[in-house]
Structure formats: C-alpha cells, structure tokens
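The values are calculated or read from the model by the stated rules, or taken from the named source; none is laboratory data. The structure displayed is predicted, hence computed values, not measured ones. FYI the Cβ positions are ideal-geometry reconstructions off the backbone, even for glycines, and counts take in every protein chain you see.
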Amino acid sequence: MFKRVLLKLSGEFLSDDSGFGINPDTTRQLAQLIISALDGTEVELAVVIGGGNLWRGARNGKGMDPATADYIGMLGTVMNAMALQDAMEAAGKPTRVMSAIAMQAVAEPYIRRRAIRHLEKDRVVIFGGGNGAPFFTTDTTSTLRALEIGADVVLMAKNKVDGVYDKDPQKHADAVRFDELTHMDVVEQRLAVMDATALTLCMDKGLPIVVFDIFQEGNLRRLFEGQRVGTLISTPGAGTAAQG
C-alpha cells in the first residue's frame, strides 16, 4: 500500500465540456471524489495540477517570448490550485497551496520541509507555479515534487483512458492495454505517458508511475487501498532516492 502519494491532475478536469476555464460545479465534484477516496485511509496526498484549461503556451503564446508564455501558464496552475483548494476546504478537507513562484498573498512559498510537515498533519498539499522555471512541464514538476517529499508513487490521472495502450484507444479499436511496464519499456516503445524529462527522472530514481482513469468509479480509492488499477510502470528492484 502507498503511504505518501503524488497525484497529477489535468487542468481540464476543472472545466466544463468545452475544456476551458474553471467550472465551480465540476471542481466541487472532483474535490469530493478525492476526499471520498481518502476517507478512512492513512494516505498522505500531494497534488500537482496543470493549467491547460486556462493557458497553453504552444497555442496561446504564439509570437510571444517562450519563457514569458511559460510563466503565464505557471500562473494558471496557481489559479487552478486555488480553485481546487477552495472546493476541498468547503467540503471540510484541510489543504495548503504552495507555489514555486512567490505570491504570499494567496499561497505559501514552496519549502520542502514545510510541505512534508503539512502532509504529516493530514493536509492535502497542492503544488502550483510549476517548478519555478520555464521550459518544464507539470509532468516534470510532479516527478520533482514526488521525489522531494518522498512519495511512493506518481498517480497520473486520466479521463476515459484506463491505462497505457500500444496506440491511441480512442482512435484504434484494436489498441492493447498494458497492465505492467518497465520505465525502459515506455522509453523504447515511445509510449505517451509523460514528457521525456519526467520519465527519465522517474527511471533514474526508481519512482513508480500508475496511469489510470480517475473518473471510473472507485479507482482512486482502490489505489489508495493498494489494489491494482490501470497500468503500473516500475523498474523491479529499484527504489527511490528521495528522503522524506
């Protein structure tokens, strides 16, 4: 069973069917899903949420300085983190938003030891602002934060995709799902799991990844209880180098 978990969420999970913006009802539903899955467990949960529902540098930042476009996207992740925090606390779950970009009026600065202490006090820690530097995705942020806080696993939440397939299951009816893969399998087969930087870091440090459908009823709860869900990506015999 996992004791400490890093959950990677897409910013689109907070939006309506358009995939854009923050929908309060959708956000409350996501918050309740997470809280219900945690209820009665001893799992310590940290969250990294993307900003694609508000800003995508490749799409929205055309003609802009790339670093500036990335910083705007990083600010979008703080907005999403605040929205998720509001929904979770309205449902009674204590949380802390920690930002890699200093904005102390709305979020705590990211300090590793403080983040760990929040987790030990049963607070959900939501990391915003990326890792504080441009040119890195929230996949990489998820891996970095997971290693820093000593997480047992990175849970890559998906919508309507229940694991890793050999090809896009929404386009190919004969797509085959994998129950287990090694990190090197993902690299060699060029499977779309996370960006190359994040995947390489997970492989180097022996950090397991689980890709799963968060909206399939009971999936997140089953993962917290140590059951097999989705696709497990690991390297047998490897252990993380992170220290809690």
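Residues that are without any contact (Cβ under 8 Å) to a residue 40 or more places away in the chain: find the helices (runs of 4 or more DSSP H) completely inside the stretch 118-217 holding 1 or more of those.
183-189, 196-205
Report yes if ALA91 is modelled with pLDDT of 95 or more, in contact with a helix residue (DSSP H, G or I) (Cβ under 8 Å, 6 or more places away or on another chain) and more than 21 Å from ASN159 (Cα to Cα), otherwise no.
Against the criterion (modelled with pLDDT of 95 or more, in contact with a helix residue (DSSP H, G or I) (Cβ under 8 Å, 6 or more places away or on another chain) and more than 21 Å from ASN159 (Cα to Cα)), ALA91 qualifies.
All but one of (1) at pLDDT below 95; (2) loosely packed, with under 15 Cβ neighbours inside 10 Å hold for PRO169; which doesn't?
(2)
Identify the residue in the stretch 1-21 that is more than 17 Å from the chain's Cα centre (by Cα) and either buried (at least 18 other Cβ atoms within 10 Å of the Cβ) or of a type in the set (A, V, I, L, M, F, W, C) (or both) and, among all such residues, is nearest to LYS160 (Cα to Cα).
Ranking the candidates gives PHE20 first.
Can you name the residue in the stretch 16-35 that is part of a helix (DSSP H, G or I) and either charged (D, E, K, R) or touching a Lys or Arg at 6+ places or on another chain (Cβ under 7 Å) (or both) and, of all such residues, is farthest from GLN227 (Cα to Cα)?
Of everything passing the filter in the stretch 16-35, ASP25 is farthest from GLN227 (Cα to Cα).
For the stretch 4-26, which residues satisfy the criterion of being farther than 22 Å from ALA90 by Cβ and small (Gly, Ala, Ser)?
Of everything in the stretch 4-26, those that are farther than 22 Å from ALA90 by Cβ and small (Gly, Ala, Ser) turn out to be SER18, GLY19.
If the Cβ limit is 9 Å and pairs must be 6+ apart or interchain, which residue in the stretch 30-49 that is free of Cβ contacts under 8 Å to residues at least 12 places away in the same chain pairs with which residue that is surrounded by 16 or more Cβ atoms within 10 Å (Cβ to Cβ)?
Matching pairs, first to second residue: ASP39/ARG221.
Of the residues PHE136, PHE127, which single one is farther than 24 Å from THR231 by Cα and either among the charged types (D, E, K, R) or modelled with pLDDT under 95 (or both)?
Answer to the selection: PHE136.
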